[in-house]
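**Q** My structure is below; once you've seen it, I'll send some questions.
The values are calculated or read from the model by the stated rules, or taken from the named source; none is laboratory data. Everything quoted here is computed from the prediction, not taken from an experiment. Quick reminder, even Gly has a Cβ in these numbers, built from the backbone with ideal geometry, and neighbours come from all protein chains shown. What goes into the accessible areas is simple: the full protein's heavy atoms, side chains included, and nothing from ligands, DNA or RNA. Shrake-Rupley method; radii C 1.70, N 1.55, O 1.52, S 1.80 Å.
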Amino acid sequence: MNVDLEYARSVFKQEIEGLEGMYCALDNNFVTAVDLICKKSKGHVIVSGMGKPGHIGKKISATLSSVGTPSFFLHPAEASHGDLGEISNNDVLLVLSLSGNTSELIPMLSYANRFGIDVIGVTANADSILAKSSRVLILMPQVKEACPYNLAPTTTSTMMLVIGDALALCLLNRKQFSRDDFKSFHPGGTLGKRLLKVSDLMHSDIPLVQMATTVKDVLIEMTQKSFGCTCVVDENGKIIGIITDGDLRRKIDDDFLNKTAADIMTRNPKVISEDDFAQEALKIMNKNQITSLFICREEKPCGILHVHDCLRAGLA
């Protein structure tokens, strides 16, 4: 086996062992932390840490915000130079420190205790200043770093990251944060595109004719709406067929203008619900080699989606 590959696997193994240790060490204090954040729903979760825990804290804060728990990162050194005013009694401080005695954190912890601001501490040192200053303590087990000198934060920073993920997702679960909520928080990028619904892109002014509509009037309706097709509905307004430009050309004969929509339509067209994801609509269009898809509500057409709508939205 390649030496680098073998060594990389040993790093994975060491960090997995650390996570297993954290898995076993997790207790009701974690639940109390979730309760506390939910109780302070009008405020923010302010995450802080120095060095590598600080970098992990920025990611945790971003994850919290993205799943419905307002949060921001506060650098402890900046906090002691005027930014402590950003913390209010409605907020919860989530402080990360392996030793729990990081000097830059002490002014922030003193301020929090003086003004009754709740602190959730994440540390591996139960006798530390952070542990003693915390209303809720999430105690990490003593583990070896993946670093061969047991110095560079590796296993411990991974443990902190997963604790943050667990907090964020437990809060998501408590608050019943839905896909629609997720879409509101992620309008851009690939994730935002994946969460677009058919209702976000569809046109409501749809081409529509009755079964008895003459071919002449079918042509007028299709020309006015410019989708290259029209849906055909029965006497109850339910969709029963579709007529496309191709259907018109294939049906041309000497008796063409005397025909009705029912004579030339294709029955049982592909349709989709307005609550389905736009990506699913594009998949149906690609699979069936069609360019438009009618959207139905209780079998009645309420919109139309063209493949160009999906492409303009960045779906592919």
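**Q** Which order do the peptides 229-239, 256-266 come out in when sorted by mean C-beta neighbours inside 10 angstrom, highest first?
**A** Numbers: 229-239: 18.0, 256-266: 16.4.
Result, highest mean Cβ count within 10 Å first: 229-239, 256-266.
**Q** Please sort by residue number the chymotrypsin sites (Phe, Trp or Tyr not before Pro) in segment 103-181 whose DSSP state is loop and whose Cβ has at most 10 other Cβ atoms within 10 Å.
**A** 149
**Q** Find how many whole Å separate the alpha carbon centroid of segment 253-273 from the alpha carbon centroid of segment 286-316.
**A** When both Cα centres are located, 19 Å separates them.
**Q** In whole Hz, with x marking every Gly and Pro, tabulate ³J(HN,Hα) for segment 276-281 from phi via Karplus 6.51 cos²θ - 1.76 cosθ + 1.60, θ = phi - 60°.
**A** Listing the rounded values in order: 6, 6, 4, 4, 5, 4 Hz.
**Q** What accessible area per residue comes out for the chain, rounded to a whole number of Å², with a 1.4 Å probe? Intermediate results must be reported in sequence, preceding the final value.
**A** Numbers: 16920 Å² over 316 residues.
With the other protein chains kept in place, the chain gives 54 Å² per residue.
**Q** Could you name the aspartates and glutamates whose alpha carbon sits less than 17 Å from that of residue 40, not counting residues in the same chain fewer than 8 places away?
**A** 86, 91, 118
**Q** How high is the relative contact order of the chain, in percent, with contacts defined as C-alpha pairs under 8 Å that are six or more residues apart?
**A** With pairs under 8 Å counted, the relative contact order is 14 percent.
**Q** For helix 28-39, report the angle its Cα long axis makes with the longest principal axis of the Cα atoms of the chain; keep it between 0 and 90° and round to the nearest 10°.
**A** Value to nearest ten degrees: 60.
**Q** Measure nothing fancy, just the Cα-based angle from helix 155-174's long axis to the longest principal axis of the chain, in degrees from 0 to 90, nearest 10.
**A** Tilt relative to the chain: about 50 degrees.
**Q** Over 27 Å between C-alpha atoms is what I'm after, so list which of 58/197; 175/287; 216/270; 59/144 land there.
**A** 58/197; 175/287
**Q** In the chain, carbon and sulfur make up what percent of the accessible area (probe 1.4 Å)?
**A** The computed percentage sits at 52.
**Q** Within the chain, what percent of beta bridges assigned by DSSP are antiparallel, to the nearest 5?
**A** Restricted to the chain, the bridges split so that about 40 percent are antiparallel.
**Q** Once you place label points 7 Å from the Cα toward the Cβ at residue 28 and residue 226, how far apart are they in nm?
**A** 6.7
**Q** Tell me which residues come under 5 Å, amide H to amide H, from residue 302 once H is placed; ignore anything under 5 positions away on its chain.
**A** 295, 296, 297
**Q** Around residue 145, with a cut-off of 14 angstrom between Cβ atoms, what is the net charge of the other residues, counting Lys and Arg +1 and Asp and Glu -1?
**A** So the surrounding residues net to +1.
**Q** Now, a different point. Just the number, please: Stokes-Einstein D of the chain in µm²/s, Kirkwood Rh from C-alpha pairs, 25 °C, 0.890 mPa s.
**A** It diffuses with D of about 102 µm²/s by this estimate.
**Q** Can you tell which of 157, 273, 48 shows the greatest fluctuation in a Gaussian network model of the chain with Cα springs below 10 Å?
**A** Answer for the Gaussian network model of the chain: 273.
**Q** In Å, the Kirkwood hydrodynamic radius of segment 61-128 over pairs of distinct alpha carbons?
**A** Result for segment 61-128 stands at 12.7 Å.
**Q** Taking θ as phi - 60°, what are the ³J(HN,Hα) couplings along segment 259-273 by the Karplus curve (6.51, -1.76, 1.60), each to the nearest whole Hz, with x for Gly and Pro?
**A** 7, 10, 4, 4, 6, 10, 6, 9, 7, 6, x, 6, 9, 8, 8
**Q** Calculate for the chain the 222 nm mean residue ellipticity that helices alone would give, adding -39,500 (n - 2.57) per DSSP H run of length 4 or more and normalising by residue count, nearest 500 deg cm²/dmol.
**A** Mean residue ellipticity at 222 nm (helix-derived): -13000 deg cm²/dmol.
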